[in-house]
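The values are calculated or read from the model by the stated rules, or taken from the named source; none is laboratory data. Everything numeric in this text was worked out from a predicted model, so none of it was measured. All Cβ positions, glycine included, derive from the backbone under ideal geometry; neighbour counts span all protein chains shown.
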Amino acid sequence: MDVSNSAGNCIIVGGGLAGLTAALALAPEPVTLLSKAPLGFEASSVLAQGGVAASLSSDDDFSLHLADTLKAGDGLCDEPVARTILAAAPAAISEMIKCGVPFDRDSQGRLVLGLEAAHSRRRIVHAGGDSSGREIMRALAHKLRETPSVTLIEGLTARSLLVEDNAVTGLLVESESGAGVLAAGRVVVATGGIGGLFQYGTNPAGSWGQGLALAAEAGAAMADLEFIQFHPTALDSRSFPLKLVSETVRGEGAILVDETGHRFMAGIPGAELAPRDVVARAVWRHMAAGHRVFLDARDIPDLDFPRRFPAITGFCESAGIDPVTQPIPIRPAAHYHMGGIAVDIWGRTSIEGLWACGEAACTGLHGANRLASNSLLEAAVCGRLVAEGIKGTALPRPRKPIRARARVAADPSAVRKILSSAAGVLRDGDGLRSAAAELLPLALGEGEASDPARVGLMIVIAALRREESRGAHARTDFPLRAAAGRRSLLCLGDALEAARELVPEAVA
């Protein structure tokens, strides 16, 4: 395979909102964007229904958005980072509008603002009703294809980061025609989340933590890996990934009931609009008690469900459900990773020349539990911040990348059952230790499960070390929240060593 790249140019790995925003913001500086699938496919950004959070209305302001974000983050948000990102929200919306994103407007041309759980005001802007991600990505992909400074390469997968003296020198990449090396002194990881590591998830199957594996194997530090948000209302079906029934449906008044019609969350503070971790745990426990759970939107006054939620209506009807006359069967599903590659506000990692943004990065904005619709906002704002950081960095000195051997294509299927059982909505020490024992031999191998197993093992060790329940991390053996909050840092070597100490017989 014949690939080449100037070592001074920047390579962005990932074709979601964060990657596209970074590439566009770097213009007119040359940049190469790698997407393993055709642009607009296999990206979580495309699937996003909820929209983008921003304090835009007359009864809202930045301080209220910040307060809601910090409350949802349960004591672990990096407040200076949160202030920077949330303050940039209105400008991010304006920039997307300039790129052609058709945000929904009322009859007077004003942006329509929706309400989602744990928000104190209506501040969610949507496009195409419940198709916000698709419409945002459509507009930005069109803009990217028209930008001459961006070289888009589709169908190319990054297999390994090449690093010398803790500095990036290139990427080992692979396509259907074979493997090759791209020389590069600046690489941005924008590969999305980890939902593909679980049996029930809302991310594309290919989103299994590829970017985390790339960075971790190169020696980069990871942060807050134990915090995984499970969306409480994914359509309960046999599809993979599961279709998401947006939180906005509950924001419009839908309630959660079981097969008897009992509204089991009525006595919980916030009820259906409690923070996502609270709702997910309530649904999980009710299902564990033998019930089926449904989202009931049948009796909401003045709601034209098919018009307000055309995408949800479509996939419900494909599953044989009419959401106007029937309750929608739902279940919790892995949805968003608050943890990721440890970065600063400019997206810089612990490796020289390596940046990360979007869901693959951990900025500290979300803390222990992401506030709804802050994710697309973070991707848009931090993609631009990464670009500004790269522009302000001197070009790296040319280095010849060390040619690496080709790697086996990754397959997370062997990891899904292990991680789903041990690191799901509810966790305990025995389950996490058993998972570490199962994952370690896979992680030490060189088979198709090795990279996903390494990411899974880091998550399990991080969850085992956090002996408390906070935000999206719930330990049944440590049900209380610790008095002092602390963020966690971990590298792959630490996780492997910790697992070896737990199960020495696995490596005897």
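Observations on the structure shown:
- Residues located in the range 253-276, provided they are more than 13 Å from Thr233 (Cβ to Cβ), surrounded by 17 or more Cβ atoms within 10 Å (Cβ to Cβ) and either within 26 Å of the chain's Cα centre (by Cα) or assigned by TED's automatic domain parsing to the domain that holds His119 (or both): Ala271, Pro275
- Any hit, the range 37-59, residues being touching a helix residue (DSSP H, G or I) at 6+ places or on another chain (Cβ under 7 Å), over 17 Å from Glu359 (Cα atoms) and surrounded by fewer than 18 Cβ atoms within 10 Å (Cβ to Cβ): no
- Scan of the range 299-332 for residues that are among the polar types (S, T, N, Q) and surrounded by 19 or more Cβ atoms within 10 Å (Cβ to Cβ), ordered by number: Thr313
Residues checked against (1) charged (D, E, K, R); (2) over 29 Å from Arg466 (Cα atoms):
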position: Ala67; (1), (2): no, no
position: Ala72; (1), (2): no, no
position: Asp78; (1), (2): yes, no
position: Ile85; (1), (2): no, no
position: Ile93; (1), (2): no, yes
position: Asp104; (1), (2): yes, yes
position: Arg122; (1), (2): yes, yes
position: Gly129; (1), (2): no, yes
position: Gly133; (1), (2): no, yes
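- Residue within the range 392-401 that is in contact with a Leu (Cβ under 7 Å, 6 or more places away or on another chain) and not assigned by TED's automatic domain parsing to the domain that holds Gly50 present: yes
- Matching residues, the range 348-365, being charged (D, E, K, R) and either assigned to a helix (DSSP H, G or I) or buried (at least 24 other Cβ atoms within 10 Å of the Cβ) (or both): Glu359
- Qualifying residue in the range 441-460 (condition: surrounded by fewer than 24 Cβ atoms within 10 Å (Cβ to Cβ), within 25 Å of the chain's Cα centre (by Cα) and at pLDDT below 95): no
- Given (1) in a helix (DSSP H, G or I); (2) within 18 Å of the chain's Cα centre (by Cα), index of the condition Asp430 fails: (2)
- Odd one out for Gly211 among (1) within 27 Å of Ala394 (Cβ to Cβ); (2) in contact with a Leu (Cβ under 8 Å, 6 or more places away or on another chain); (3) modelled with pLDDT of 95 or more: (2)
- Qualifying residue in the range 386-395 (condition: part of a helix (DSSP H, G or I) and more than 24 Å from the chain's Cα centre (by Cα)): yes
- Residue match in the range 235-252 (condition: surrounded by fewer than 19 Cβ atoms within 10 Å (Cβ to Cβ), among the hydroxyl-bearing types (Ser, Thr, Tyr) and out of contact with any Gly (no Cβ under 6 Å at 6 or more places or on another chain)): yes
- Residues (in a loop (DSSP other than H, G, I, E, B) and either modelled with pLDDT under 95 or among the acidic types (Asp, Glu) (or both)) located in the range 74-104: Asp74, Asp78, Asp104
- If the condition is being of a type in the set (A, V, I, L, M) and outside any strand (DSSP E or B), then the range 153-189 contributes Leu156, Ala184.
- Residue match in the range 111-126 (condition: without any contact (Cβ under 8 Å) to a residue 12 or more places away in the chain, more than 18 Å from Ala48 (Cα to Cα) and either not in a helix (DSSP H, G or I) or not small (Gly, Ala, Ser) (or both)): no
- Subset tally (residues that are in a loop (DSSP other than H, G, I, E, B), at pLDDT 95 or above and among the small types (Gly, Ala, Ser)) for the range 366-385: 2
- Residue that is surrounded by the most Cβ atoms within 10 Å (Cβ to Cβ), among those in the range 69-110 that are of a type in the set (Ser, Thr, Tyr) and within 27 Å of Glu388 (Cβ to Cβ): Thr69
- Given (1) out of contact with any Cys (no Cβ under 7 Å at 6 or more places or on another chain); (2) assigned by TED's automatic domain parsing to the domain that holds Leu377, index of the condition Cys316 fails: (2)
- Residues in the range 201-219 that are over 15 Å from the mean Cα position of the chain (by Cα) and surrounded by fewer than 24 Cβ atoms within 10 Å (Cβ to Cβ): Glu217, Ala218, Gly219.
- Those helices (runs of 4 or more DSSP H) lying entirely in the range 259-341 with at least 1 residues touching a Pro at 6+ places or on another chain (Cβ under 7 Å) and over 23 Å from Leu371 (Cβ atoms): 305-308, 310-318
- Qualifying residue in the range 400-410 (condition: within 20 Å of the chain's Cα centre (by Cα) and farther than 20 Å from Gly195 by Cβ): no
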